[in-house]
1. Be a star and scan the stretch 318-352 for residues whose amide nitrogen sits under 11 Å from the point 7 Å along the Cα-to-Cβ vector of residue 193.
2. How high is the relative contact order of the chain, given as a whole-number percent (alpha carbon pairs under 8 Å, six or more residues apart)?
3. Return 108, 64 ranked ascending by Cβ neighbour count within 10 Å, so the fewest neighbours appear first.
4. May I ask for the net charge around residue 189, where only other residues with Cβ less than 10 Å from the Cβ of residue 189 are counted and Lys, Arg are +1 while Asp, Glu are -1?
5. Return the single residue from 211, 257, 203 with maximal mean-square fluctuation; model: Gaussian network over the chain, springs between Cα atoms under 10 Å.
6. Of 190, 215, 292, which has the largest mean-square fluctuation in a 10 Å C-alpha GNM of the chain?
7. Placing +1 at every Lys and Arg Cβ and -1 at every Asp and Glu Cβ, with all other atoms neutral, what dipole size does the stretch 28-204 have around its Cα centre, in debye to the nearest 20?
8. Determine the principal axes of the Cα atoms in the stretch 34-80, then give the extent along each, sorted from largest to smallest and rounded to whole angstroms.
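Throughout, read-outs are computed from the coordinates displayed, never taken from laboratory work. Keep in mind it's a predicted model, so treat the numbers as computed, not measured. When we count neighbours, we look across all protein chains shown, and the Cβ atoms used for this are built from the backbone with ideal geometry, even at glycine.
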Amino acid sequence: MFSSCGTRMRKAPTAPNTILNFTPNNGTFVYCNNPEQLFDSDLGDQATGFGNHYLLWSMVTGECQAYYEHENMTGRTIGYGLQIYNPNETPISIRVTGVGFGNNAFTCWTQFFNKTSGGGGTVGTFTVKPKEVLWIQRNDNSISPGAIFNGAVGFDVSGGSVYVFNYAYDEFANIDGTATYLGYVTRIDPSGQNEALVYKGIATGFIAAAALNKPMSSLLQQSAAWQTNDCPGSDMVSITCPLTDTSNPIYTTFTCANGDNLGNWGIRNTYTFTVTNDTDRSRTVNLVVAQPYFFSNVFVEVLGSTGGCAINKSNWKYYSFALLPSESRTVTFQVILSGSSYGGLINSIVVK
């Protein structure tokens, strides 16, 4: 049974007691959260008063997922999009597998997992001719002043490597191909936001997979609880950020080892959980997630059902199922920490 955001579990574990080993997939994760707060000087318009910049460039091929989160501080309604550019002498193929966009994690990821056109993009396969572009996502005039917004696009690239450009803009018609890279932003915003503490770039793996196999009797003795989205967990990715433009790329890498402020925002932590009821009566298994520090926006997908919740130092029981004696069940589920959020989640499996 999939539970609503308001469903809480009072006695879920508050500290990790289980170690899970996560394995990343081979895909490329394109992540953009720098600058988190957007001003006119960050926008991609070729027009007076704007910066004529793209926020991030990435060169990718194969299976990819892009995720971004920003706050619109321009005082105007703006748009945001992802542009593909084919630098090759031959055509390339782009297969868009999911598109999501919204002012909250639930809207963004629900659209994404529905795998239907929406969120400013179209699911399908497209051919990009040499030296031409394709916008795989565009949300013109859709972000109100002060809004915090999320976006996600899944796509596969075949036939060569392509550039992906993240653009925020006032008017789409003002993007004329002359924009340059904004660079890695380290300013202190008027709000006090330190942009040096948020990142952008690419990482290896947008899915971190782990398996857990437990008998019911073991879970009755001690609920399984594990921490994710916080250093130094095995689910954590490192992010390689371009410091310069495409013609002479120089990079830096943000890692847990360096003490960087990483939280795996937008990474899909994916679990395969098998449990056998080796007790003498029916039992209920509860999947729970908690934010141990302050506040998080969490999205979950369980066996095709989806839901989102803003949790504030509390436990969210998002899925439950019953097992008869000697019965076994395998459940696959995903937990995604989205912006705007603090890093760190406590995941747990509780039996009643």
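1. 340
2. Relative contact order for the chain comes out at 23 percent.
3. On the way: 108 29, 64 23.
Least crowded to most crowded, the residues run 64, 108.
4. On the way: positive: 187; negative: 36, 71, 195.
Computed value for this residue: -2.
5. 257
6. 190
7. Values: 8 positive and 16 negative charges, 89 e Å.
The dipole of the stretch 28-204 has a size of about 420 debye.
8. For the stretch 34-80, the Cα extents along the three principal axes come out at 37, 21, 15 Å.
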